[in-house]
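The values are calculated or read from the model by the stated rules, or taken from the named source; none is laboratory data. Note that the coordinates shown come from a computational prediction; the quantities given were computed from them, not determined experimentally. When we count neighbours, we look across all protein chains shown, and the Cβ atoms used for this are built from the backbone with ideal geometry, even at glycine.
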Amino acid sequence: MDHFCYKDGRLLCEAVPVEDIVRHVGTPTYIYSKATLLTHYERIAQAFSPLNPIICYSIKSCGNLEILRSLRQQGSGFDVVSGGELFRALRAGADAGKIVFAGVGKSDQEINEALEAGIGLFNIESEEEFWNLDRLAAAKRVHARCALRVNPDVASAGTHAKTLTGKKETKFGVDIDRAGEFYRQARRANNARLCGLHLHIGSPIKTVDPYVSAITKALALIDQLGAEGIVIDTLDIGGGFAAFYEGNEAPPAATYAQAIVPLLAGRGLNIILEPGRSIACNAGILVTRVQYTKAGGSKRFIIVDAAMNDLIRPTLYESYHFIWPTNPGAHGVPANRLSTLRTPEDVKVDVVGPVCESGDYLAKERHLPVLKRGDLLAVFSAGAYGFAMSSQYNARPRAAEVLVDGSGWHIIRRRETYEDLIAGES
Ligand code: LLP
């Protein structure tokens, strides 16, 4: 699952004790394991290799330049959703031909930047966007390859309402029953070529069935269009593969591939995947220090120095992140990362941050060993949508990021300073 494990009662990231990093860098800090990152990438690449796909890592999940460089060196392309993410991808040395650009509200400036970079594929989300792109490409005398994001109207059990995208009633893409007509009309375009179909049905999708349903619907449309002489040569199946929060809930990449590869093999389509969470999630932890402990009514609180501005997922999605001390001692090593984990002397606590909102918590009603001021806690499975969604709310400088590679480590983003908080203000 990952390269974070306890040895002699203390947590290591690969070969490096987490406490050693914290001694130099302080808290809160995101610590990533390069081996975990690349292993998860490779598992997807291997599993889908019969389709020879382009894997476009979804930058929004964890976009640090060094993370992107590591994946680019492994052969990854990138899924971007803004001019800023395109900038990151290019700075990380991305092959522009392996960049796909999604998003319902691409601005003219962002489209122009992507045209200038010569990206591989625009994932189009509406008729107006398509014709706007055609106009902008014509002004630059360039051609743009496009895929239509089709909303296949499939449901996915277990995906949080805020991250479900495959149903008709979301803002994403174009309803599948309207898509055929879209492709027909798009033939009139001169500079934008609609030659692909894009799906992204939500995140995380913990079973393969929604993919099978969505891809089956997409292939039927592609065949129908083919019969009319409209050639679709690219199918982008999006992201959404699950990751491990509790332990073993995510199907391996091979399980997704077993169901998906046979549907697509031998069709001559260029296949694109856009995984984010399944690569980055288990590669990162957030380390935080206990500031104070206190009781409030019948509750006990562990107040830590990380907050909702550092990791908003528990607040926003009621998501579960396993939390455990980094130095529990030889007898305190956790047996698993399940939400049901109990130990003989544990205490039920809320782990909360310093932000002035009662919604500021990392865990509620959690059984943890007895903790005291100064203890370090690791918040696991925080690599995806962790730092990437962090903010400076309450004027809290954003956390540092560290990348571990074997027995070495380095800071890949320094902790922000108070000056960073006001940089750009006048
Ligand atoms: N492609 C598109 C078009 C997407 O919108 C997304 C994620 C991905 C790929 C990558 O999905 P992944 O493989 O990471 O599941 N903040 C939420 C997740 C939001 C996902 C948004 N789109 C969370 O923390 O759970």
Subject >> Pair list, Cβ under 6 Å, 6 or more apart: segment 114-130 residue part of a strand (DSSP E or B), other residue of a type in the set (Phe, Trp, Tyr) and more than 12 Å from the ligand (Cβ to nearest atom) >> reply: Ile124/Phe130
**OP:** Could you pull out every one of the strands (runs of 3 or more DSSP E) wholly within segment 353-426 that has 2 or more residues that are within 17 Å of Val25 (Cβ to Cβ) and of a type in the set (A, V, I, L, M, F, W, C)?
**Re:** 376-379, 400-405, 408-413
Original post:
Within the set of pairs 6+ apart or on separate chains, which have a first residue in segment 294-322 that is touching a residue at least 40 places away in the same chain (Cβ under 8 Å) and within 14 Å of Arg396 (Cβ to Cβ), a second that is assigned to a loop (DSSP other than H, G, I, E, B) and of a type in the set (Val, Ile, Thr), and C-beta atoms under 9 Å apart?
Top reply: Val304/Thr27; Asp305/Thr27; Ala306/Thr27; Ala307/Val355; Met308/Val355; Asn309/Val355
Original post:
Which residues, taken from segment 96-148, are of a type in the set (Val, Ile, Thr) and surrounded by fewer than 18 Cβ atoms within 10 Å (Cβ to Cβ)?
Top reply: Val104, Val142
**OP:** Report, by residue number, each residue of segment 212-266 that is in a helix (DSSP H, G or I), more than 27 Å from Asp177 (Cβ to Cβ), within 16 Å of the ligand (Cβ to nearest atom) and small (Gly, Ala, Ser).
**Re:** Ala253, Ala257
Original post:
Does Ala47 count as modelled with pLDDT of 95 or more and in contact with a Gly (Cβ under 8 Å, 6 or more places away or on another chain)?
Top reply: no
Subject >> Selection count where residues are of a type in the set (Gly, Ala, Ser) and either part of a strand (DSSP E or B) or under 16 Å from the mean Cα position of the chain (by Cα) (or both), scope segment 267-312 >> reply: 7
**OP:** Those residues that are closer than 28 Å to Leu37 by Cα and charged (D, E, K, R), I need them from segment 367-395; list them, please.
**Re:** Asp375
